[in-house]
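The values are calculated or read from the model by the stated rules, or taken from the named source; none is laboratory data. Just so it is clear, the model here is predicted, and its values are computed rather than measured. Cβ coordinates were reconstructed from backbone atoms using ideal geometry, including for glycine residues, and neighbour counts include every protein chain displayed. These accessible areas exclude ligands, DNA and RNA; they are computed on the full protein's heavy atoms, side chains included. Shrake-Rupley method; radii C 1.70, N 1.55, O 1.52, S 1.80 Å.
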Amino acid sequence: MCDENRLIIAIDFGTTYTGVAAVYSGSPEAIEVIKNWPGGNGISSDKVPTQFTYKVDAQKPSMHKPQQNEQLLDLLTITTSSSSMPRKNIRWGYEVSPIEQKISCIKLFLDRGQQVSGFVEQEVLLTQLREANRDIESAIADFLSKVHEHTLETLTIFSDKAKDAMKRIAKQAGLSDKLRLVSEPEAAAVHTFKAIQPNMLRLNDVFVVCDAGGGTVDLISYTITSIKPLKVVETTVGSGGLRGAQMLNVNFEEHVKKRIGEAKFKQYKTDKPKSWRIALDNFEDSVKRWFGTVSMTEFEIPLHGMEDNMDAGIEDGCLILTVDQLKSIFDPIVANVIALVEHQVSKVRDQGRKVAAIMCVGGWGQSAYLYTRLKSHFKTELPPPYTPRRRKWPSRNNAAVTDTGHASIEIMQPLNAYGVRINPQSIQGTHPAHSKYYDDYDKSWRTKGVMNWYIRKGEAVAAEREIIVDGRTDFDHLPQLNVPLDFDMELLASSLEEAPLMCHKASTLRVCTVSADAAAVPRHLFIQQTNSTGQKRWNLIIALVMKIDSANIEFEIRVAGETYGVAHASFDH
């Protein structure tokens with residue numbers, strides 16, 4: 001396809017909301033944002049709720065009851081057929097009514113390390129997935145397939161493991177094979193810099209980007225290295241945490257529980273689950289959106305069927321929330337966000353530099369109350385929550401322009417060190433004696449488990465730079481040419497500031513296992529060795545080539561400078 005006809009589609013798959021934007025590479029300014037959604041009753045909205053439900057007969061009791069020891073994360077490993085639940089039976093986004101049980105916040109389960117118990121109704125999620133014979137990945141694929149189908153209809157023209165899972169999900173959902181994942185901070189930075197250019201941008205300025213969404217808050221700092229074309233480099237290592245706007249819902253629930261009493265609250269949720277979901281939706285759509293933007297002294301949340309209780313602030317079936325009470329709900333989460341931003345600002349200052357501005361993007365980043373608190377804390381001129389050119393669109397979708405050449409992240413700083421485990425010849429005084437062993441094949445003393453780090457934490461890494469990891473693989477047999485000859489290499493990581501010399505469980509973790517086939521490698525490149533008992537082995541000097549950008553790691557295998565196929569990675573983290 002010619003470049004002028006290349007259509008770039010950006011999907012911001014968020015924890016609570018999802019959005020889509022598209023642009024032709026030949027007309028990078030003409031970004032089209034999907035605003036009309038099924039079930040939206042003609043109302044325009046930049047995003048659609050990341051929620052869906054599998055159609056089941058509401059009159060029938062659930063056939064699946066979660067067992068006491070059943071774990072939701074087990075659903076990450078279920079193998080299911082993509083056709084076991086036809087996708088036409090899925091209702092999603094605005095098609096799901098506020099009063100029915102639904103699957104939401106499912107994105108968080110792509111990362112096993114996240115503690116998500118307060119975010120989702122796990123029993124509802126577990127029950128629906130089991131009854132639909134779906135695992136986490138295939139369920140997300142079901143949702144994304146609907147987003148994809150709607151995008152095509154509307155346009156007419158149309159933790160490393162979590163990233164890898166997103167690629168598989170995208171393929172299941174029918175998205176293009178030419179898929180490129182863009183990290184949330186990168187997408188946020190590209191669009192935000194473009195949105196404020198050229199009024200606020202000066203060469204060598206440092207900006208902190210705070211991308212606050214429904215589930216997570218991601219931060220990173222960038223330095224402007226070129227205005228036209230716009231180019232930036234990462235100034236610090238990215239950081240973040242599970243401090244998104246969904247935590248406000250958790251605090252709201254705890255607040256209501258304290259106001260009316262735990263027993264009465266539990267009974268209300270059991271007897272009137274639809275009424276409670278309406279209350280949550282009202283808090284989500286009204287209070288969270290408007291608190292801090294208007295001079296209201298009170299907000300009302302409907303609690304249908306709840307008896308009046310003036311002491312608890314319940315009148316005419318409504319819970320009255322004062323500004324002070326709302327602050328008690330918002331402030332703990334806001335304080336966490338401020339701490340995350342402060343950490344980024346401190347890392348910039350540690351380099352002897354100043355932060356020109358802090359940019360708040362993402363859905364939660366548009367909160368006027370969060371903006372006011374950040375501005376008060378840092379006493380700096382933050383950009384306002386909305387600027388005229390941003391069209392009130394949380395940043396990431398408009399990063400569809402990332403591939404059009406108008407903005408780019410030139411240098412990245414990885415969160416971890418990356419390397420491989422090797423068994424080099426022993427160096428006395430450097431390598432531990434307890435890891436020393438004698439290699440009877442090459443008649444030398446070696447040390448097992450030494451780390452060879454190819455990327456250091458925080459090291460400046462050029463975008464899409466090739467990193468060549470040299471290694472040796474041993475084989476106990478050597479078949480004929482083009483007969484399968486599989487081998488594996490493990491890519492390890494460490495989050496320590498100083499990456500360790502040796503591989504230890506406490507300080508290193510396996511990111512992925514890279515598998516490849518040496519069937520096509522000419523046999524004269526294998527080195528034959530014989531030990532003292534006459535056993536033979538063949539070793540092959542290989543180069544594992546890693547191509548890294550902000551959200552992807554791709555691999556290929558080279559021997560003697562020649563490429564012998566793409567390597568496949570199975571991610572652990």
Just name one of Leu321, Asn309, Val287: the one whose Cα is farthest towards the positive end of the charge dipole of segment 262-328 (beta-carbon charges, Lys/Arg +1, Asp/Glu -1). Val287
Expected output is a single nm value to one decimal: the length gained when fully extending between Met502 and Ala520, i.e. 0.36 nm times separation in residues minus the C-alpha distance. What is it? 3.1 nm
Rough spin-label spacing in nm, given labels placed 7 Å along Cα→Cβ, for Lys536 and Lys379: 7.8
Listed residues Met546, Pro522, Ala569: farthest to the positive end of the dipole of segment 489-573 (Cβ charges): Pro522
How large is the accessible surface of Val420 in square angstrom, using a 1.4 angstrom probe and rounding to the nearest 10? 10
Considering only C-alpha atoms, what is the centroid distance from segment 261-316 to segment 119-150, in Å? 28
Just to be sure I understand the model, the point goes 7 Å from the Cα along the line to the Cβ. What's the resulting Glu298 to Ala263 distance in nm? 2.9
Which net charge results for the neighbourhood of Asp442, defined as the other residues with beta-carbon distances under 14 angstrom from its beta-carbon, given Lys and Arg at +1 and Asp and Glu at -1? +2
Which one of Val250, Thr225, Thr235 is farthest out on the positive end of the charge dipole of segment 204-284, using unit charges on Cβ (Lys, Arg +1; Asp, Glu -1) and the Cα centre as origin? Val250
Compute, for Tyr454, the solvent-accessible surface of its heavy atoms (probe 1.4 Å) with the complete set of protein chains present, and express it in square angstrom to the nearest 10. 50
With a 1.4 angstrom probe the carbon and sulfur portion of accessible area for segment 421-573, in percent, totals 51
Around Gln529, with a cut-off of 13 angstrom between Cβ atoms, what is the net charge of the other residues, counting Lys and Arg +1 and Asp and Glu -1? -1
